[in-house]
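See structure below.
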Amino acid sequence: MKPLLACLLSSFCILHSSFAAEQRPNIVLINIDDLGYADISPFGGKVTTPHLDRMAQEGMKLTSHYAAPVCSPSRAAMMTGCYPKRVLPIPGVLFPASAVGLNPDEVTVAEVLKQSGYATACIGKWHLGDQPEFLPTAQGFDSYMGIPYSNDMGLASEGSKSNPGEPLKEPKTAAKAKLTAAQGEDETGLKGNSQPPLPMLDGGNVVERVKVAEHHAFTRKYAERAVSYIREHQKAPFFLYLPHNAVHFPLYPGQEFMGKSGQGLQKDWVLEVDWCVGQVLDTLRELKLDANTLVIFTSDNGGPLNHGSDNTPLRGGKGSTLEGGMRVCTLAWWPGKVAAKSSTAAISSHMDWLPTFAALAGIVVPPSGGSEPAKAGTTKLIQHLDGIDLSPLLLGHTADFKARDTFYYYRGFTLEAVRSGPWKLHLAKGDLYNLDSDIGEAKDIAKDQPDQVKKLQTLVEIMQADLGLQGDTAPGIRPLGRVQNPQPLIAPDGTIRPGFDALHKTLP
């Protein structure tokens, strides 16, 4: 790999293009947790989601958009424009009191947009590290309110391990009160019954201990905070990242949505998600910001089939590199800019949001073309980007769009599949599928297409030299962020970590 000329964050070039300063769009990125491909009606869902239906009617469906198999890697890609293994080399996801997280030296999409004068906020689930060095306010966001990881990463006795209406689970054996993450081979945090109480953060403080009643309420809280933020920042460009904890297990829709779908708790919560989207879009219309705001709606991975998700017509679900594990329902809305009732099957991914949003804000970021180790010192550097600029595609400038032909399906450290055009090769068994004619990956045609198999194997060799096929060492992998002696934000006895306790010392 030839070295890539790094671009200083402090010297991004602001373009005087068709997106002049007064035309820089507001950007809202709505990221739902564990939403299945067909959980919403624009993608064939059985429950009607009217606000998302209208969003699709007024905008674009991205039908071949990829995330990662699970939460933390997907969010790393979304924030950095890179394959997750490049910037967050972990085997799965992060847990409370993790010693590792997204490296503060990485440049996030929020930091990029701030160079063009954007206000930035994150409201919802972060899941890229819960220690102070890793939280959104240390990664380019002006403000943060939310639960720093998944809603199942709390106490069983307080609702984090079971659905509403079920008996609250108690640990089979008493867990020891551990205040530090496991060291050695696994630094990703506290698991199972050793997890601490679930915290809600707001303005740098722990403001709630999330129990059953709070589980039901936080989705509405996120929506209300998002509406308030839009109203407060309507006169200047803003970037609002709205990653909901919904619809991740345990399934806690708001009380007013309980039973509303007639199709179970998961679909009840999908209805609440649709309502939340409606709150955001209606506010933008009311304030006459809709003509200058791009809204993206997506999911962090495919839906888990064991919790009621629907990934039809895709095969598989969350945690896998089958299409049902990584292809996610995605919508783009910008009235007057993104064509109404449009759809694209172009290969896109969460890695593309950083270069896309940067382009819309008039910011030049370096092209892809290699990688190099993070440099020492305090100056942040944009290094290798795996994402591409989707703005020509979204805006209908197809002649200017440089489409992605190749996509690599990583699960943790392991490359499990590769796609080029319609062809997808699974590496473990060597099975080949044409996704244009067989989106459900039902018929292996490897024996009939030896040339395609050979071509895809060549692409695997190229990636082997960059991020490797297995393990956490390869030339293109960048260092994790790491802290010593990580602590939970709320200790088992209810004591709040110093620095996060300006409002309370303890929470019952």
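What follows draws every value from the coordinates through simple rules; no lab data is involved. What you are looking at is a predicted structure, and each value in this text was computed from that prediction instead of being measured. Every residue, glycine among them, receives a Cβ derived from its backbone with ideal geometry; neighbour counts consider all protein chains shown.
Place the peptides 71-81, 91-101 in order of packing, highest mean first, counting for every residue the other Cβ atoms within 10 Å and averaging per peptide. Could you put the intermediate results ahead of the total?
On the way: 71-81: 29.0, 91-101: 24.0.
Output ranking for 71-81, 91-101: 71-81, 91-101.
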- request: Distance from a point 7 Å along Cα→Cβ of N485 to each backbone N in the stretch 97-119: keep the residues under 19 Å and list them by number.
  value: 97-101
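Find out how many positive minus negative residues lie around Y433, taking Lys and Arg as positive, Asp and Glu as negative, among other residues whose Cβ is under 11 Å from that of Y433.
Working: positive: R315, R419, K424, K443; negative: E323, D431, D436, D438, E441, D444.
Residues near Y433 contribute -2 overall.
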Protection-proxy order for peptides 419-431, 53-65, each taking the mean of Cβ atoms within 10 Å per residue, highest first: 53-65, 419-431
query: Size of the chain along its principal axes in angstrom, Cα-based, largest extent first?
result: 61, 54, 51
- request: Starting from the Cα of A502, step 7 Å along the direction of its Cβ; do the same at K288; then give the gap between the two resulting points in nm.
  value: 3.6
Those residues of the stretch 256-288 whose amide nitrogen sits under 19 Å from the label point placed on S228, 7 Å along Cα→Cβ: 276-284, 287
query: From the square roots a ≥ b ≥ c of the eigenvalues of the alpha-carbon gyration tensor of the stretch 373-472, which class results: rounded (a/c under 1.5), prolate (a/b over b/c), or oblate?
result: oblate
query: To the nearest 500 deg cm²/dmol, what mean residue ellipticity at 222 nm is calculated for the chain from DSSP H runs of n ≥ 4 alone, each contributing -39,500 (n - 2.57), summed and divided by the residues?
result: -6000 deg cm²/dmol
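If you restrict to DSSP beta bridges whose two residues both lie in the chain, what percentage is antiparallel, to the nearest 5? Kindly include the intermediate steps, with their values, before the conclusion.
Values: 33 of 57 bridges.
Of those bridges, close to 60 percent are antiparallel.
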field: the stretch 214-284 versus the stretch 494-508: alpha-carbon centroid distance in Å
entry: 27
message: Just to be sure I understand the model, the point goes 7 Å from the Cα along the line to the Cβ. What's the resulting D400 to A340 distance in nm?
response: 2.4
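Can you put K318, K380 in order, fewest other beta carbons within 10 Å first? Don't skip to the end; give the middle numbers.
Numbers: K318 27, K380 19.
Placing the least packed residue first, the sequence is K380, K318.
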Gained length - K447 relative to N193, 0.36 nm times residue gap less alpha-carbon distance: 86.6 nm
